[in-house]
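Here's the structure, in structure tokens; my notes come after.
The values are calculated or read from the model by the stated rules, or taken from the named source; none is laboratory data. Treat the numbers as computed from the prediction; the structure is a model and nothing was measured. Ideal geometry is used to build each Cβ from the backbone, glycine not excepted, and the neighbour counts take in all protein chains shown. Side chains included, ligands, DNA and RNA excluded: accessible areas come from the protein's heavy atoms. Shrake-Rupley method; radii C 1.70, N 1.55, O 1.52, S 1.80 Å.
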Amino acid sequence: MLNFLTTTTVCGFSLYHVLAFFLIYSCTGWCLEVIFAAATTGQLVNRGFLNGPVCPIYGFGMVIVLFALTPLQDSVLLLYIGGVILPSALELVGGWALYKLYHTRWWDYSDFPFNIGGYICLEFSLLWGVGTLVVMRIVHPVVAGLVDMVPPFVGFVVMCVLYAVYAADVVVTAFAASGLAKTLDAMEQLADSIHAVSDAMTQLLGTTTLNADQKLDEQRLQLKLAAAEAREAAPEKRALRETLAAVRAKTAEAREAAKHASEIAKLNTAEAAKAAQLAAKGTIERAAELLRLEQLAEELQARSDEMQAQLLRTPRIVGPRRMLRAFPGLKHGVKKTTLKALRLGLARRESPEEEPKKNGSDTRKDA
């Protein structure tokens, strides 16, 4: 096996060297990510996709750069252009593939100018070119010399162990990332459901309030009409006193009209009672529906809170919780409200853990 690795070549490099370079640059890239995060945020965070101290995208990127740009290493311009294009293309494909696989953006350059889909941006692409120049001209010759200094058999044994751990880490992380994606999907659906219930409650309350306002306006209008009729009736009373004899002469006609009006009033009263019953029934039904929606909203919120608590109880060093800390720019699906709530919960959960250290006590340990 060792003989096969040392004698088989790809683009001028033996498989032994390719595998060694992949491990070395994966670890080097992880170190750079941790240093960059510490410099920008002031916190030491495992910024790799995997749980171990490796970033596979850097390993793949350097192997591709070595294959394609080694023949061009004498030309600074071509080496820089290739260093801009190749790592950027890998970052674009890698980010797109991870999004299609997990519906999650592990990094996002949407806020940077001249970005493509948020996967890459001009600023970092230009920095990749500078990094490629430094690595190809300065770093890689040293790394290659160190690899050659290690006896092939020792290097083979070490790589077998490291790649076994690497493979196990890939499997564990893949399951963790898939579980995180499913949890975020479910929480996003719950958030959508909660918003839908809230909208329904708002509409229902708005309808009830509108009906009440209409009834109040009708009552106010009736009072105004009654007052106006009373004011108009005052001079008429004086006229009636003066023409009392004429009114008495028409008593029979008035009684007949009163009888007819009484019959109409009875009909109107029955219709009014029926309308009142229907309105009361509608009010009761709206109240029952509102109560049902409130209970549903509480159940959905409790379920969302439970899922969030379960996610935040996962280990801090490995799993979904580590990923939330490792990728502050992580975005899932279309909405970001779920992640915002999770990060707030994560901050609240982790801040008390720092207090005992400040007080000189180390009695609390992370889950």
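Observations, loosely collected:
- Filtered by the rule that a residue be without any contact (Cβ under 8 Å) to a residue 12 or more places away in the chain and open to solvent by less than 70 Å² (accessible area, probe 1.4 Å), the range 161-188 gives Ala164, Ala167, Ala168, Ala174.
- Test for Ala89: is it within 18 Å of Ile317 (Cα to Cα) and in a helix (DSSP H, G or I): no
- For the range 189-202, the count of residues that are more than 28 Å from Phe21 (Cβ to Cβ), open to solvent by less than 30 Å² (accessible area, probe 1.4 Å), in contact (Cβ under 8 Å) with a residue 60 or more places away in the chain and under 18 Å from the mean Cα position of the chain (by Cα) is at least one.
- Filtering the range 106-116 to residues that are in contact with a Lys or Arg (Cβ under 9 Å, 6 or more places away or on another chain) and over 18 Å from Met323 (Cβ atoms) leaves only Ser110.
- Filter result (within 17 Å of Pro87 (Cβ to Cβ) and among the acidic types (Asp, Glu)) within the range 115-167: Glu123
- Selection of the range 1-42 for residues being among the small types (Gly, Ala, Ser) and either open to solvent by 90 Å² or more (accessible area, probe 1.4 Å) or in a helix (DSSP H, G or I) (or both) yields Ala20, Ser26, Gly29, Ala37, Ala38, Ala39.
- Residue ID - nearest to Asn3 (Cα to Cα), chosen from residues in the range 135-158 that are among the β-branched types (Val, Ile, Thr) and loosely packed, with under 12 Cβ neighbours inside 10 Å: Val154
- Qualifying residue in the range 73-81 (condition: touching a residue at least 12 places away in the same chain (Cβ under 8 Å), under 18 Å from Ala174 (Cβ atoms), surrounded by 15 or more Cβ atoms within 10 Å (Cβ to Cβ) and not hydroxyl-bearing (Ser, Thr, Tyr)): no
- Scanning the range 108-124 for residues that are open to solvent by less than 50 Å² (accessible area, probe 1.4 Å) and either at negative phi or outside any loop (DSSP other than H, G, I, E, B) (or both) returns Asp108, Tyr109, Tyr119, Ile120, Cys121, Phe124.
- Residue in the range 85-107 that is among the basic types (Lys, Arg), free of Cβ contacts under 8 Å to residues at least 24 places away in the same chain and open to solvent by 50 Å² or more (accessible area, probe 1.4 Å) present: yes
- In the range 108-138, the residues that are touching a residue at least 60 places away in the same chain (Cβ under 8 Å) and aliphatic (A, V, I, L, M): Val135, Met136
- Considering residues of the range 307-348 that are of a type in the set (Lys, Arg) and in a loop (DSSP other than H, G, I, E, B) only, the residue modelled with the lowest pLDDT: Lys336
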